[in-house]
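Novice: Handing you a structure now.
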Amino acid sequence: EDDPHIFIDQNAQMMVQVLIENKDLFKENRNEYENKIKEIFEPMIDFKRVAASVMGKKYYLASTSNQRNNFVEIFKDSLLDTYAETLAQWENQAIETIFPEEAISNNIKNIEVKQILNTGSSKYPISYKLRKNDQNWMIVNIIVNGVNLGLTFRNQFQALASNNNGDINLTLDGWVSD
């Protein structure tokens with residue numbers, strides 16, 4: 001999808017549909033539930049870019065290619081597991097994408113797409129930071145109700161690496177993926 005707002009909105013509405021149709025699946029078969037979520041969410045995220053950002057320049061440059069690839073997989077699993085578990089609490093919420101009043105330029109490579117999660121009793125802002133890769137828009141960060149997930153994960157990685165005296169293998173082993 002060329003329009004980042006439509007890309008986010010279509011996938012969000014698809015996710016809502018999956019959540020409604022599979023409400024009891026989380027308790028009955030968690031793996032199957034998580035796979036349904038991952039089918040939609042995984043292709044939306046630029047995991048290589050996000051994982052590099054989470055590692056931070058110092059540890060990214062100090063790591064080997066194998067360690068970087070390993071962290072991409074570990075991080076992907078932990079993020080998707082967290083996301084699936086959060087969505088398991090889904091009730092009758094609605095997600096609304098805020099579309100811009102003017103058309104966006106075809107030349108832009110970075111954009112923010114905003115949504116409102118309406119729980120009925122509260123409204124929470126969600127902000128997706130997207131970057132265009134070749135032909136596709138990909139999520140590179142998410143801010144939910146003011147909490148910058150990229151920064152939160154980076155701080156966790158930095159603290160874990162510091163506790164492990166900069167040992168990247170120990171840091172990767174310590175990153176909780178479940």
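Novice: Report every pair of residues separated by at least 6 positions or lying on different chains whose Cβ atoms are under 8 Å apart, first residue within the stretch 97-111 and hydroxyl-bearing (Ser, Thr, Tyr), second open to solvent by 60 Å² or more (accessible area, probe 1.4 Å).
Specialist: Hits for this filter: Thr97/Lys114.
Novice: Continuing with this model, one more query. Quick one: which of Gly174, Gly150, Gly166 is modelled with pLDDT of 90 or more, closer than 13 Å to Val54 by Cα and either hydroxyl-bearing (Ser, Thr, Tyr) or surrounded by 12 or more Cβ atoms within 10 Å (Cβ to Cβ) (or both)? Walk me through it before giving the result.
Specialist: Working: Gly174 fails: closer than 13 Å to Val54 by Cα; Gly166 fails: closer than 13 Å to Val54 by Cα.
Sole residue among the options that is modelled with pLDDT of 90 or more, closer than 13 Å to Val54 by Cα and either hydroxyl-bearing (Ser, Thr, Tyr) or surrounded by 12 or more Cβ atoms within 10 Å (Cβ to Cβ) (or both): Gly150.
Novice: Go through (1) within 21 Å of Pro43 (Cβ to Cβ); (2) in contact with a Lys or Arg (Cβ under 9 Å, 6 or more places away or on another chain); (3) not basic (Lys, Arg); (4) not in a helix (DSSP H, G or I) and name the single condition Ile116 misses.
Specialist: (1)
Novice: Also: Cβ-Cβ under 6 Å, sequence separation 6+ or interchain: first residue in the stretch 68-88 and assigned to a helix (DSSP H, G or I), partner hydroxyl-bearing (Ser, Thr, Tyr). Which pairs?
Specialist: Ile74/Ser177; Asp77/Ser177; Ser78/Ser177
The values are calculated or read from the model by the stated rules, or taken from the named source; none is laboratory data. In this text, all values refer to a predicted model and were calculated from it rather than measured experimentally. Here Cβ is always computed from backbone atoms with ideal geometry, including for glycine, and neighbour counts include all displayed protein chains. Areas reflect the complete protein model, heavy atoms only, side chains present, ligands, DNA and RNA absent. Shrake-Rupley method; radii C 1.70, N 1.55, O 1.52, S 1.80 Å.
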